[in-house]
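These notes are about the structure you will find just below.
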Amino acid sequence: MAYEPRMASALSGATVGQLSYWRRGQDQILVPEVSAERPILYSFRDIIALRAFVLLREKRPLQTIRRALNNLREIVEVDHLSRYKLVEQGRRSIALVQEDGEGAIDLVDKPGQQLTVIKLGDVLQSFPLGDMEVPNLTRPRQRISVRPTVRGGHPVVAGTRVNYELVAGLVRDGVPPEEVKDFYPGVTAAAARDAASFADYVERTSRRKSA
């Protein structure tokens, strides 16, 4: 599965500009797993990691996040960043939650020190970001689904393999949501409205400026 920057932005909450900045330089935050060269393509695991960074970025400066990642690489043999749960700790620090969930390791103020966990929340759930709401990753709309095993993780109408853009395109072309089922029998009017709503959201996020 692979997501171009526009969809990666919509599903993660990061702006397209942030994605570009975060994958460049010696202290990059995340290099796309599928393709770091044009066409730029992110994996599903990349999206999960990016959502965690977006949440942390609301509470911590980018410099602190980079320092945490650098220290993480010194403390453990790093696999893909989606495997690690990073949480805000105290007023300034970031911690790595241990696999048993019983403790955490400081990555900024006192790297390596054991800490009590302060949970940030599940990055798969929806969360507020400025004047917008980043949707649930696997259900960005009630009737829109993102599943790695269906259409390579591309958003589809839940319970079908129909890409949301196909349905949204019909609605935008003037087809009433109630009549979309004439084209795609498994798509209800409510699902057609959700597809159009998600398409509007993707377009709005692609126009956002980096903070």
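The values are calculated or read from the model by the stated rules, or taken from the named source; none is laboratory data. Everything quoted here is computed from the prediction, not taken from an experiment. Here the Cβ is made from the backbone with ideal geometry for all residues, glycine too, and neighbour counts use every protein chain on show. These area figures cover heavy atoms from the full protein model, side chains too; ligands, DNA and RNA do not enter into them. Shrake-Rupley method; radii C 1.70, N 1.55, O 1.52, S 1.80 Å.
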Within the stretch 28-52, track down each residue that is open to solvent by less than 10 Å² (accessible area, probe 1.4 Å) and of a type in the set (Lys, Arg). Arg51
Go through the stretch 139-198 residue by residue and tally those that are under 26 Å from Ala2 (Cβ atoms) and either in contact with a His (Cβ under 7 Å, 6 or more places away or on another chain) or among the acidic types (Asp, Glu) (or both). 3
Quick check: is even one residue across the stretch 53-64 over 16 Å from Leu129 (Cα atoms) and touching a helix residue (DSSP H, G or I) at 6+ places or on another chain (Cβ under 6 Å)? no
Identify the residue in the stretch 18-27 that is at pLDDT 90 or above and of a type in the set (S, T, N, Q) and, among all such residues, is surrounded by the most Cβ atoms within 10 Å (Cβ to Cβ). Gln18
Of Thr205, Thr149, which residue is on the phi < 0 side of the Ramachandran plot and exposed (fewer than 15 other Cβ atoms within 10 Å of the Cβ)? Thr149
Checked the stretch 39-63 for anything more than 17 Å from the chain's Cα centre (by Cα) and modelled with pLDDT of 85 or more; matches are Pro39
By residue number, the members of the stretch 69-85 that are in contact with a helix residue (DSSP H, G or I) (Cβ under 8 Å, 6 or more places away or on another chain) and open to solvent by less than 20 Å² (accessible area, probe 1.4 Å) are Leu69
Going by the structure shown, is Tyr164 aromatic (Phe, Trp, Tyr), open to solvent by less than 80 Å² (accessible area, probe 1.4 Å) and touching a strand residue (DSSP E or B) at 6+ places or on another chain (Cβ under 6 Å)? yes
Specify the residue that is most open to solvent (accessible area, probe 1.4 Å); the eligible residues are those in the stretch 1-17 that are of a type in the set (A, V, I, L, M) and in contact (Cβ under 8 Å) with a residue 60 or more places away in the chain. Met1
